[in-house]
Amino acid sequence: MFQSVAAGRSRMGAKRSIVKENKNGRQNSQNAEKRSRKRKNPKAVRQLTTIYVALVLVAAGAIGGGVFWAVHSTRVTEELIAENTQESTTEEESTVPAAIEETEETQETEPETETETETEMLVELTEDNIDGYVKVESCKIAQGTGTFSVKASVEEKPASDDDNFYLLKMNMYDTELDAGAEPIASVPKDKEFSLTANVNENQVDSRLMSKFVVAVKLKDAYVPLCDPCYMTNPEVLASYQAAYPQRSSIKGILVDPLRVDELDELHVNHAAYNIPVGNILGETTNGLFPTVYYTYDGRTYAFNGQRIAEYDSIFSRLTAKGITISAILLNNKSSAYPELTHPLSRGGSANYYAFNAAEADGVETLAAVGAFLAQR
């Protein structure tokens, strides 16, 4: 009986030992799991699986009633946890150098990117290189569009206040760009470029008789980079577009209007005819040949109807004979139209003088005369 009681107590003590060990194993497992979660180990799934297996083994030892299995299970659990913890720590440590290396590689590539996007080098403009910096290739009217284009180029882009080339208009008689001039066109800088603007034919702000410069903006002022250029093909605006007539010979004569009928015997193909500009301007007093009024660029001019009728008659007769006419405009002295004469030529005693292309009135009047005669 004493043996039976002792044996019972022994078994109860063993059970208590097993339960205690079981509790310690579970507590260790829970602590290990908490540590694993805090570390946010990428191997958490593997650790949980290991803990699950350990708990199964502990439970199996308890059911079997053997202290050995419980203790052994606890040791196995601790060893597996330690092994996985060490493996996870090793993996975490191994990823740090990789991240550092990736960062270093990124930093090494950054200077290359900065080099590729580096600002383009521009040439500083000086007194030595500014003249003729822009090479103008052409300044032509685009037929049927009402516009003209200036095509130009540079060897290297110049430095300026912004990234544009500008086209500015100058009067024919201007010797330098006006301080208040504003651009009529602009284009981003390039080594080859084209600037396009309206001709404004037969308008108050017509540009047909103007000249143009390509400029950049320096210190808030427009600075020309080329010599002025003119539209070189104004003939495309003419309403009469017939080709120049071809004749059988180059024989010609300065025509006497009273002997036009005698030209047949001379077999001439060309005739020159002088037109003194002062003679055709102004109103007429002959009622049979009323004054001809002509508006050009917003301004109205008066032409002598009788003189114009005489020229019309002579030119028609010559054309009918198959003779090509070359009209020669002469600037005869006229007190009524002094604006036709150059300022340095006024007051002389000669018969003919230089045309006035140095002042606005002279340029506008001459342009009107030329346009009027071309349309007859």
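The values are calculated or read from the model by the stated rules, or taken from the named source; none is laboratory data. The model shown is predicted, which means the values in this text are computed figures rather than measured ones. Using ideal geometry, Cβ is built from the backbone for each residue, glycine included, and neighbour counts are taken over all protein chains shown.
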Problem set entry | Pairs, first farther than 18 Å from L281 by Cα in segment 338-361, second basic (K, R) and surrounded by 13 or more Cβ atoms within 10 Å (Cβ to Cβ), C-beta under 8 Å, six or more apart | G348/K333; A350/K333
Exercise. Taking segment 209-252 as the search range and keeping residues that are closer than 16 Å to M172 by Cβ and in a loop (DSSP other than H, G, I, E, B), which one is farthest from the chain's Cα centre (by Cα)?
Worked result: M209
For this session: Within segment 131-156, work out how many residues are farther than 30 Å from A367 by Cα and surrounded by 17 or more Cβ atoms within 10 Å (Cβ to Cβ).
Result: 2
Exercise. Could you count how many residues in segment 330-351 are touching a Leu at 6+ places or on another chain (Cβ under 8 Å) and surrounded by 15 or more Cβ atoms within 10 Å (Cβ to Cβ)?
Worked result: 4
Exercise. Quick check: anything in segment 171-180 at pLDDT 95 or above and within 17 Å of K151 (Cα to Cα)?
Worked result: no
Problem set entry | Filtered residues of segment 289-329 (kept if crowded, with 17+ Cβ neighbours inside 10 Å and of a type in the set (D, E)) | D297
Exercise. In this structure, does P228 turn out to be within 21 Å of K135 (Cα to Cα), free of Cβ contacts under 8 Å to residues at least 60 places away in the same chain and not hydroxyl-bearing (S, T, Y)?
Worked result: yes
Exercise. Any idea which of (1) under 49 Å from the mean Cα position of the chain (by Cα); (2) part of a strand (DSSP E or B) is the one A368 doesn't satisfy?
Worked result: (2)
For this session: State all residues of segment 222-246 that are hydroxyl-bearing (S, T, Y) and in contact with a Leu (Cβ under 7 Å, 6 or more places away or on another chain); if no residue qualifies, say none.
Result: Y222
Problem set entry | Enumeration of residues in segment 230-256 that are surrounded by fewer than 17 Cβ atoms within 10 Å (Cβ to Cβ) and either touching a Lys or Arg at 6+ places or on another chain (Cβ under 9 Å) or at positive phi (or both) | Y230, T232, N233, V236
For this session: Can you confirm whether segment 297-308 contains a residue that is within 47 Å of the chain's Cα centre (by Cα), of a type in the set (A, V, I, L, M, F, W, C) and in a strand (DSSP E or B)?
Result: yes
Problem set entry | Only listed residue being under 30 Å from V268 (Cα atoms) and over 46 Å from the mean Cα position of the chain (by Cα), chosen from Y337, Y352 | Y352
Problem set entry | Scan of segment 257-278 for residues that are surrounded by 15 or more Cβ atoms within 10 Å (Cβ to Cβ) and not aliphatic (A, V, I, L, M), ordered by number | N269, H270, Y273, P276, G278
Exercise. Looking only at residues in segment 279-288 that are among the β-branched types (V, I, T) and not in a helix (DSSP H, G or I), which one is surrounded by the most Cβ atoms within 10 Å (Cβ to Cβ)?
Worked result: T284
Problem set entry | Positions within segment 309-330 being under 50 Å from the mean Cα position of the chain (by Cα), closer than 26 Å to P290 by Cβ and not small (G, A, S), in sequence order | I325, L329, L330
Seminar exercise, completed: The lone condition I275 fails out of (1) closer than 30 Å to K251 by Cβ; (2) outside any strand (DSSP E or B) is (2)
